[in-house]
Amino acid sequence: MISNDDNIIITVKKEICKVKDITELNLLKVKYLGKKGYITLQFLLLKKLNIKDRINKSVILNNQKKQIKLIIKKKLEELKFNKVNKQFIKKQIDVSLPGKSIELGTEHPLNSTINEIESFFIKLGFKIVAGYEIEDVFHNFDALNIPQNHPARTQQDTFWVNKNILLRTQTSNVQIRVMEKFSPPICILTSGKVYRNDYDHNHTPMFHQIEGLFIDKQISFINLKETLLLFLKSFFSKKCQIRFRPSYFPFTEPSLEIDIMNKKKKWIEVLGAGMIHPNVLKYVNLDSSIYSGFAFGLGVERLAMLRYNLNDIRLFFENDVRFLQQFKLNNFI
Ligand code: DAH
């Protein structure tokens, strides 16, 4: 027998008032909406009616089904809400307590120095490339015209992995990697970690370098000088005092070093540079009668120390929050 529309809904409402938890609610759901539940059975009984009654009753049944579903859904929400509330009371959670704040970190001064220098050279047309930190003797020494008996190769300076593999001692290895792969014009900048067995207030076994390389036809010393002057004046200040000093690097000829006058009126070396040595070009099969170029390498820590007036390189790597917090962007604007 199909019961009256209102009766069944009233019954469900009465029963649901007694439901205490989700398990009981599920039982009630099965009782009315399950495969053998009340509504399903009523649908089966429809077959016995004539067409007209069948249509009328099925409308009523569908309507009942919808209402029962809604009643169950509301009850479920109520039960869930009560459960969470009970947990709050049990655990005595004080929702009015202020939350724990997460302090935002800041960019490490070495990263911001690298980023700033890279952006400068990108504007001049340099492309940023990456290189290997674990390198072979050929790319770190041989191809850079650094002879076998050069002091840089000794056990004291270089971290050797085996006879042929080492932790790169300079980013100049990337010069060779790039020249092997691409043909001029080459205009690249690379930055990264380098390793040397040294430790005091001016040296750490790992530090950062930035290396630039520009090779094309008719590149001259003027290009080198103007590029580096532009950079140093932009990085320090237009008024900063800059000194070019002859030097020696096996992979450049002529070679030079550049010094900057610091606040204590002392000249501080900031970078090495020079015109690429013809032997280096030969190693990578470039004809030095056609191509020429310049290269430069700078120490990131050295530049950052000068800029922020620091006297101990080790500060960069101790991760002391009191030190790092001073480099919040606002402090330097
Ligand atoms: N690689 C040198 C060093 O670690 C720095 C350097 C000097 C790089 C002169 C260069 C250069 O590209 O031309 O001391």
Given 0.36 nm per residue, what is the gain on full extension from residue 20 to residue 149 after removing their alpha carbon distance, in nm? 37.7 nm
Is any residue of the stretch 265-280 close enough, with backbone N under 12 Å, to a label point placed 7 angstrom from the Cα of residue 201 along the Cα-Cβ axis, and if so, which? none
Relative contact order for the chain: what percent, with Cα pairs under 8 Å and sequence separation of 6 or more? 15 percent
Calculated FRET efficiency, residue 320 and residue 100, Cβ-Cβ r, R0 30 Å, to nearest 0.05? 0.85
Which of the DSSP-defined H helices in the chain satisfy a minimum axial length of 15 Å, computed from C-alpha atoms, and a minimum mean Kyte-Doolittle hydropathy of 1.0? 221-235
If you build a Gaussian network model of the chain, linking Cα atoms that sit under 10 Å apart, which residue out of 232, 189, 41 swings the most? 41
Rounded to the nearest 0.05, FRET efficiency between residue 108 and residue 312 (Cβ-Cβ, R0 22 Å) equals 0.85
When the helices in the chain are scored as -39500 (n - 2.57) per DSSP H run of 4 or longer and the sum is shared across all residues, what 222 nm value do you end up with, to the nearest 500 deg cm²/dmol? -13000 deg cm²/dmol
Please work out the Cα center distance from the stretch 100-130 to the stretch 51-81, rounded to the nearest Å. 63 Å
5 Å is the cut-off here: which amide hydrogens, built 1.01 Å from N in the peptide plane, fall below it relative to residue 159, excluding neighbours closer than 5 in sequence? 167, 197
For the chain, built as a Gaussian network whose Cα springs stay under 10 Å, the top-fluctuating residue of 216, 53, 320: 53
For each pair in 35/65; 66/86; 18/73; 123/238; 13/65; 36/83, compute the distance between the two Cα atoms and list the pairs where it is over 24 Å. 66/86; 36/83
Please work out the FRET efficiency for the pair residue 242 and residue 119, using the Cβ-Cβ distance as r and a Förster radius of 22 Å; give the result to the nearest 0.05. 0.60
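Read the figures in this text as sums done on the coordinates, not as results from a lab. Note that the structure is a prediction, hence the values are computed from the model and not measured. A quick note on method: Cβ atoms are made from the backbone with ideal geometry, for glycine too, and the neighbour counts reach across all protein chains shown.
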